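The values are calculated or read from the model by the stated rules, or taken from the named source; none is laboratory data. As the structure is a computational prediction, the values presented were derived from the model and not from experiment. Here Cβ is always computed from backbone atoms with ideal geometry, including for glycine, and neighbour counts include all displayed protein chains.
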Amino acid sequence: MKSFILLTLALSAVETAAKPFRNSVRSAHRASVEKALLEVGPDGKGPGGAICVGPGGKVADVPGATARRQVMKSDVESIEGAGKVQKIKMRYGPYSVPNMMKKSVMGEGGALWNCGDAEIEKPCEECTLLGQVAGLEYANGTNANIDTGMWMHHMVAFTVGPGRWDPTCIDQPTSLPHFAVGSSPSQSERSFSSGNERTPMSLLGRKDFTNGNKAGYHLRKEDQYRFIVDLMNMNMDDRTVYLTMTYDLIDGPLPKGWGNMKPVWFDVDQCGMSEVPATNQDGKYTLTAKPWKPNFEGEVIGMGSHLHDGGVKINVLVNDKNVCDSQAKYGENSQYIFKGAKNNMPGGEKVAEKHISSMSTCYYENLGVKKLDPSQSWGMTGDYDYKKYEGNLEGDGDQAGVMAIAIMFVKVPGENIPMPAVKPAPAAAAPAKSP
């Protein structure tokens, strides 16, 4: 069965020469890959509990690599009434990312495509997260970024456990991202995400938090972590890298008197794999997510977002009013400037010179909304402008696929917010654990 599906994936990757129909072909190809992913399911025995479709994947530790768990100096020593603040850096993987001559199931050169990893070590047995930021490193601990031809296309963190559910996919018949990590929206929630801009989620140092509006994301003993990892390699040789996550945390139960946080995920391809075709090849266009009606109540703490190159901004809307304007900045330091031969890539692909290096966030005082409640209608738009910011081109000269994502954190009381009375999406079998 698996061989048949992989053959289906290979056949569906055949390119068409009919350029006027390129976007429709890409959409059909994406649909066929996602359908095949559902048919395959995460039932394989990939190394380290990871299921990766196409070239590349999770591999054995590199001999002599930097430690997988590192205790770092915290920016804040302690919080009154809550205890010591720890900063812990975890290194996950490693992942082998194929070179530009090898094509992913989506037809991209140098791509490790949406690898579902079910063996992700938490930074603690039980703790409250106050901040986290993702990164990408080589085995020796040096940064892996655009300047060396590597980038973190995107990663998604899932918290899987009793009482966990995903607000924006819980009522859908299927949810591919949850399925890719062997779960469902009724068993897990997307709790963090990052692109190569590596935007931190952080409460420490913010005025409202310091002045008493305390909240954090409580990881319980029974919770598991799982990741989707999607990486790019613009080099002519395979590269092995570690995905890193640096956490600010307080060990133990949720501090007394603090609120918990529940994440809400906005996406133009909600409950899909997030990437969609560019709707315009030159100039401006806007991607629009389907509206969402809240299925729980709480206090909005903050939000961040993700775009691809060519993106200008994300707007999060409540009842058609903009409540968060998240702006992209490009090439703010040399690590985000591509130094390769961008017009001489295999297959005719062209890589932008300057890449998104940061996305602004909205927290507490700079939010246009304070409360989340079921009377509202939430939306999100993502603006692109290829005249303002260069995009990345496929081998046929068309713009590469794009994303528009935002993740919001909502302060709620207690541990478990009741799951709404809907027919939840089916669960998938968990990826096999390594022996």
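Of note:
- Where strands (runs of 3 or more DSSP E) fall entirely within region 275-321, those with at least 1 residues that are of a type in the set (V, I, T) and surrounded by fewer than 21 Cβ atoms within 10 Å (Cβ to Cβ) are at 284-288, 311-318.
- Scanning region 398-419 finds no residues that are in contact with a strand residue (DSSP E or B) (Cβ under 6 Å, 6 or more places away or on another chain), farther than 30 Å from F209 by Cα and at pLDDT below 95.
- Boolean, E125 is in contact with a strand residue (DSSP E or B) (Cβ under 8 Å, 6 or more places away or on another chain) and acidic (D, E): no
- Test: residue in region 215-223 that is acidic (D, E), surrounded by fewer than 22 Cβ atoms within 10 Å (Cβ to Cβ), under 26 Å from P255 (Cα atoms) and touching a helix residue (DSSP H, G or I) at 6+ places or on another chain (Cβ under 6 Å): no
- Condition check for T128: at pLDDT 95 or above, surrounded by fewer than 23 Cβ atoms within 10 Å (Cβ to Cβ) and of a type in the set (V, I, T): no
- Residue list for region 135-177, filter: surrounded by 23 or more Cβ atoms within 10 Å (Cβ to Cβ), of a type outside the set (A, V, I, L, M, F, W, C) and in contact with a Lys or Arg (Cβ under 8 Å, 6 or more places away or on another chain): D166, P167, P177
- Check on V369, assigned to a loop (DSSP other than H, G, I, E, B), out of contact with any Leu (no Cβ under 8 Å at 6 or more places or on another chain), β-branched (V, I, T) and surrounded by 14 or more Cβ atoms within 10 Å (Cβ to Cβ): yes
- For A352: the one exception among (1) in contact with an Asp or Glu (Cβ under 7 Å, 6 or more places away or on another chain); (2) more than 18 Å from A404 (Cβ to Cβ); (3) modelled with pLDDT under 95: (2)
- Test: residue in region 243-250 that is among the polar types (S, T, N, Q), closer than 30 Å to A65 by Cβ and within 19 Å of the chain's Cα centre (by Cα): yes
- On inspection, E332 does not qualify as acidic (D, E), modelled with pLDDT under 95 and closer than 19 Å to E390 by Cβ.
Here's the yes/no breakdown for (1) at pLDDT below 95; (2) in contact with a Lys or Arg (Cβ under 8 Å, 6 or more places away or on another chain); (3) not polar (S, T, N, Q):
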| position | (1), (2), (3) |
| --- | --- |
| I250 | no, yes, yes |
| V264 | no, no, yes |
| T288 | no, no, no |
| P291 | no, no, yes |
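- Scanning region 267-317 for residues that are under 25 Å from K411 (Cβ atoms) and among the hydroxyl-bearing types (S, T, Y) returns a single hit, S305.
- Single match in Y386, Y364 (criterion: over 19 Å from the mean Cα position of the chain (by Cα) and either of a type in the set (S, T, N, Q) or surrounded by 18 or more Cβ atoms within 10 Å (Cβ to Cβ) (or both)): Y386
- Qualifying residue in region 146-162 (condition: farther than 20 Å from L129 by Cα and part of a loop (DSSP other than H, G, I, E, B)): yes
- Residue that is nearest to the chain's Cα centre (by Cα), among those in region 77-105 that are exposed (fewer than 15 other Cβ atoms within 10 Å of the Cβ) and touching a residue at least 12 places away in the same chain (Cβ under 8 Å): M101
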